[in-house]
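Structure, as structure tokens:
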Amino acid sequence: LLKPLFQIARTMRHDGDLEKGFQKAVKVVEASYSYPFLAHASLEPQNCTAHYRDGKLEIWAPSQTPQRGLTETAKLLGMGPQDITMHLTRIGGGFGRRLYNDYVHEAAWIARAAGVPVKLLWSREDDMHHDFYRPAGYHFLKAGLDEKGRIVAWRNHFVTFGTKAGFSTAAGISPNEFPARLVPNFALDVSFIAGGVPTGAMRAPVSNGVAFVTQSFLDELAHAAGQDPVQFRLTLLGRNPTEIVPTPPDVGPELPVPFNPQRMREVLESVARRSGWRVRKFRKNAAMGVAFHFSHRGYFAEIAEVEVGAESAVQVKKVWVVGDVGSQIINPSCAIHEVQGAVIDGLSHLMSYEVTIERGRAQQSNFHEYTPMRIT
């Protein structure tokens, strides 16, 4: 229903001859995907301690951007940055929420007005209702396959939040988003919705919505081509990337393209091998699914073993993850914990998280309405 309602506001990328590519395709697949607003729902709500005395301000806060928090607070209170001291406390899982220092500003303002030390601790309801939410989004995709099941044309019409001046925070997409440069006839178009919902980064900003869409559509295409989902992806990654095609002048200069298909192929082949893809035996109503994504210079592929139980309830039995982030890992155990936590949080995003807005207010207020994955 959304497809005819939104006029294209910006063409992020247009390679080759899209219409000719679709005309030559032996099979054309269309699909639409949407994802909701999400709250960060960090276990440690926003908090800050502030003490204003003799024209000086001292702050203790779990900020992910303490220097920015200091300069913003100085500007808000009309103080010199040299008159503010910021102490960084150990952060309890911010997931991007503490990039924004609104709780710091609030505590500092109250402390100066009250003239006494102030400990500000938001309630869970405060936190859920006053977040910078992961933006919702809608994608309409169309792709053409040739007689060998290869992708010869791809178009994504992305409907997101922003204005013609640009994207809302964390609501954008790169003109080089996969599978750009691997499909000869490729287009990425964007339409904007004006919205009053404050948005912000969550874990892998932008990627955590786009990855779901791209990989789901690749599964649709593999099914249409009658091919194994892993092999279908390996074939696509085996293509030689095309030269960078200049984008239209209204978009700006083309961004650098660090994506290396060969590194992703190796990650995908490794996770398929480790998981026993196409070898492992299953009970009835069980299967495996695969996905990969290039995000923030990291190459990650995952395979999940899932089982459909009573009343069509899906249970994830096991997840295999292989990642390539180069050689700069300083703390291996911390890297493993990051991956494990991301899998669990991703399952929460998939199965139960959703923020709905009614009359300008988030309807969900606490974990009984926004339920994370339990340890069981």
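The values are calculated or read from the model by the stated rules, or taken from the named source; none is laboratory data. Just so it is clear, the structure is predicted and the values come from calculations on it, not from any experiment. Neighbour counts are summed over all protein chains in view; Cβ atoms, including those assigned to glycine, are modelled from backbone coordinates with ideal geometry. Accessible surface areas use protein heavy atoms only, side chains included; no ligands, DNA or RNA. Shrake-Rupley method; radii C 1.70, N 1.55, O 1.52, S 1.80 Å.
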_Out of everything in the range 171-209 that is assigned to a loop (DSSP other than H, G, I, E, B) and of a type in the set (Val, Ile, Thr), what residue ends up being farthest from Val152 (Cα to Cα)?_
Val197
*Give the number of residues within the range 253-295 that are open to solvent by 50 Å² or more (accessible area, probe 1.4 Å) and touching a Ser or Thr at 6+ places or on another chain (Cβ under 7 Å).*
1
*What number of residues within the range 83-113 are out of contact with any strand residue (DSSP E or B) (no Cβ under 7 Å at 6 or more places or on another chain), open to solvent by 60 Å² or more (accessible area, probe 1.4 Å) and within 15 Å of Tyr52 (Cβ to Cβ)?*
2
*What residue, among those in the range 299-308 that are crowded, with 16+ Cβ neighbours inside 10 Å and within 24 Å of Met351 (Cβ to Cβ), is nearest to the chain's Cα centre (by Cα)?*
Phe300
*Could you list, in sequence order, the residues of the range 321-370 that are open to solvent by 90 Å² or more (accessible area, probe 1.4 Å), assigned to a strand (DSSP E or B) and either under 23 Å from Ile303 (Cβ atoms) or touching a residue at least 60 places away in the same chain (Cβ under 8 Å) (or both)?*
Arg361
*Under the condition of being of a type in the set (Phe, Trp, Tyr) and open to solvent by 10 Å² or more (accessible area, probe 1.4 Å), which residue from the range 148-185 is farthest from His296 (Cα to Cα)?*
Phe161
*Which residues, taken from the range 186-215, are open to solvent by less than 30 Å² (accessible area, probe 1.4 Å) and closer than 19 Å to Val29 by Cα?*
Phe186, Ala187, Leu188, Asp189, Val210, Ala211, Val213, Thr214, Gln215
*Among the residues of the range 106-154, how many are closer than 27 Å to Tyr33 by Cβ, in contact with a helix residue (DSSP H, G or I) (Cβ under 6 Å, 6 or more places away or on another chain) and not small (Gly, Ala, Ser)?*
4
*Pick from the range 61-79, criterion under 14 Å from Asn47 (Cα atoms) and small (Gly, Ala, Ser), ranking: nearest to the chain's Cα centre (by Cα)*: Ser63
*Please go through the range 56-74 and pick out each residue that is out of contact with any helix residue (DSSP H, G or I) (no Cβ under 7 Å at 6 or more places or on another chain) and not in a helix (DSSP H, G or I).*
Glu58, Trp60
*Go through the residues of the range 10-19 one by one and say whether even a single one is over 25 Å from Ala211 (Cβ atoms) and either among the basic types (Lys, Arg) or not in a loop (DSSP other than H, G, I, E, B) (or both).*
yes
